[in-house]
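Only one structure is covered here, and it is reproduced in the block below.
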Amino acid sequence: MTDRITNSQLYQLIATNFRELIREPGVLFWGTVFPILMSIGLGMAFTRKKDVVTIVAVAGENHLVWHPNDSASALLQFLDAGRSSIEKDKTGTFSRTITIADDKLGNTTFVFRSMEWQQAMVLLKRGSLNLILDEKSGALQYHFDPMNPEAQLTYLKLSRMFNSKGTVLAGSGTSVVPLTVSGTRYIDFLIPGLIAMGVMMSSMWGISYAIIERRSKKLLRRMVATPLKKSNFLLAQIAVRVLMNFVEAGLLFLVAFLLFHTTIQGNVAALFTLFLAGNFAFSGIAIFISCHTAKTEIGNGLINAFSMPMMVLSGVFFSYHNFPGWSIPAIQKFPLTMMADGMRSVFIEGAGFGEVAFPIVILTATGIVFFIAGMRFFKWH
C-alpha cells in the first residue's frame, strides 16, 4: 500500500512539474524555438554555399584606366584571357567577374572592382572586403591584414589562380603588403561593436529586468503608495544606466588603447552624441519591454528574444555581409547595427557629425517613441 502511494505521489509530482514547465512560454521558446533560429541564422552566415562570391578591390596606379578595351594592365590581360564578364554600375565604375569551378570545394567567384584607394580602405575597414590588389609595372601587390583568416584564404586562392595560368602576374615582383595600421585590424572592427553591444545588454538587463523583478516582488506596489511620479521613476532608471554605460565603455576603450593602441580617428563630439542616442534608444526599448510584464521568466524571454538575434545579425563579431544579400537591408535597420556601424565610422573612418547624423536621429526617435509607449502602458503591479 505504501509503495502504491509513493508511486502515485511521484507520478503526480512529475506530471505537475511538467505542466508548469510547458505552460511557460519563455521555457518553450529558449528550449525549442531559439536553438532552431540560431542554427538557421548562423548556418546562413557560415555554411559553405555552392558559390562563394569574393569582392577584390583593385587600386593603385592603373585603376583609373580600368576599361574593357585596355590592354596595358597585366591583370586585365589575364581576365580577358579567362573570359571574365564585364559589368558597369550606375556610377560608371567597371568590374570584372571570373569564376573558378571546383566540384569538390565549391565554385569561387572573384569580383574585381576598380576603386580609389581611400574607398577601398573604407570598405576593408567595414568588412565589406578583405583584400586590395595594387598592380605596379605588371607585378601585383596584395594588401590585407595577416591576422584575418578570410583575407589569407582569399590571397591563397588568388595566387593559386594566377600561378595556374602561368601569366606575368605570377612573376617574382608579386609581393604581400601587410595592413597592420590602426583601423584595418580585426580588433579595430571589434571594439566599436562591443561598445554598442554593451550598451544594449546593459540597458536591457539593467533596466528591463530590474523593473520586472521589482514588480514580481511587489516592490513597485509599495512605491506607488508614495507620491512618486511615473516619469521620475523611469527617468531615474535611465540616468543611472547611461552613467554606468559611460563608465563601462570608457574602461573598455582604455584597455583597447593600452593593449592594442586603438584610437578614435573621427570627431569625438559626434561619437559622444551617437553614444547618447544609442543609450536613449535601448533605454526606451527596455522601458517598453518591461512596462507590463510581472514574471521574470517571461521577462527573460522577451529580453533575450530582442537582444540575442541582434548580437548574431548586427555585425558585432563579424561582418553582416556574410548573410544573404536580401537580408542585409533589413539588418542595417536594426538599432544595434546602426549604432555599431556609426561608431565604427567614427573610430576607424574618421567620420564626423555629417556621416553619423542619420543614425543619431533614428536612434533618438526610436528612444522617444518607445519611451512614450512604455509610459503609456506602464503598470505598477
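Read-outs throughout are calculated quantities, based only on the coordinates presented, and are distinct from any laboratory measurement. Nothing here was measured: the structure is a model prediction, and the numbers come from that model. All Cβ positions, even for glycine, are placed from backbone atoms using ideal geometry, and neighbour counts span all protein chains on display.
Remark on Gly350: its backbone amide H falls under 5 Å from those of Gln265, Gly266, a criterion applied only to residues 5 or more positions apart or on other chains, H modelled at 1.01 Å from N. The amide H of Val176, built 1.01 Å from its N in the peptide plane, has Tyr142 as neighbours under 5 Å, considering only residues 5 or more places off or on other chains.
Given a Förster radius of 22 Å and the C-beta distance between Glu87 and Phe358 as r, what FRET efficiency does 1/(1 + (r/R0)^6) yield to the nearest 0.05?
Working: r = 29 Å, r/R0 = 1.30.
Efficiency for this residue pair is about 0.15.
Using the structure shown, list the pairs from Lys125/Lys333; Lys333/Lys379; Lys295/Lys333 with a Cα-Cα distance above 24 Å, or answer none. Pairs exceeding the cut-off: Lys333/Lys379; Lys295/Lys333.
What value in Å³ per residue do you get for the convex hull of the alpha-carbon atoms in the stretch 234-381? Walk me through the intermediate numbers first.
Values: hull volume 19.1 nm³, N = 148.
So the per-residue Cα hull volume is 129 Å³.
Label-to-label distance, Lys333 versus Leu156, with points set 7 angstrom from Cα along the beta-carbon direction: 4.0 nm. In whole angstrom, the stretch 312-364 maps to an equivalent ellipsoid with semi-axes of 20, 13, 9, each derived as √(5λ) from the alpha carbon gyration tensor and ordered largest first.
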